[in-house]
Amino acid sequence: MWIRAERAGHVRPGPMRRLLRHARRDPDAVRDDIRIHAVEHLGTETGVQQQYTGVAGHIENARVGVFLACATSGGRALIDRRLDLPEHSWCTGPERRRAAGMSETVRFATEPRPAREMIAVALDAGVEAP
């Protein structure tokens, strides 16, 4: 927090810590702001490549997400995200979801569906992807 505080002009990290601890934020609005900033500064020359995502090489406890990135010769930035919920433990456990503060609208989907949804949201927001 020291570096962030100094960049914001503070002599101590306390104000930045309080901001992050108590600020109310809408994750979708933050996503939209990051996407706008990234596209303005990085451009729209985008590309993708296939990748193996089984980092551990076996089944283990993990949080998995699906992410959309803007990647150009000017740099890279994540511009959207979706949580990948395990079908049988989270999607069928309403008590568990409530305790974690998860929306009832989030449903199980294989990774391609949230990827398509994120791409559609970005395109609807005006992101150009030749």
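The values are calculated or read from the model by the stated rules, or taken from the named source; none is laboratory data. For clarity, every value in this text was computed on a predicted model and none was experimentally measured. No Cβ is skipped: glycine too gets one built from the backbone with ideal geometry, and neighbour counts run over all protein chains shown. Quick note on the areas: whole protein, heavy atoms, side chains included, nothing else; ligands and nucleic acids left out. Shrake-Rupley method; radii C 1.70, N 1.55, O 1.52, S 1.80 Å.
Which of the residues spanning segment 1-18 are modelled with pLDDT of 85 or more and either under 21 Å from the mean Cα position of the chain (by Cα) or in a loop (DSSP other than H, G, I, E, B) (or both)?
Matches in segment 1-18: Ala8, Gly9, His10, Val11, Arg12, Pro13.
Which condition does Ala109 not pass, out of (1) modelled with pLDDT of 85 or more; (2) touching a strand residue (DSSP E or B) at 6+ places or on another chain (Cβ under 9 Å); (3) not in a helix (DSSP H, G or I), if it passes all the others?
(1)
Might you check whether a residue that is at pLDDT 85 or above, open to solvent by 40 Å² or more (accessible area, probe 1.4 Å) and either farther than 25 Å from Asp124 by Cα or aliphatic (A, V, I, L, M) (or both) occurs anywhere in segment 77-94?
Scanning segment 77-94, I find at least one residue that is at pLDDT 85 or above, open to solvent by 40 Å² or more (accessible area, probe 1.4 Å) and either farther than 25 Å from Asp124 by Cα or aliphatic (A, V, I, L, M) (or both), so the answer is yes.
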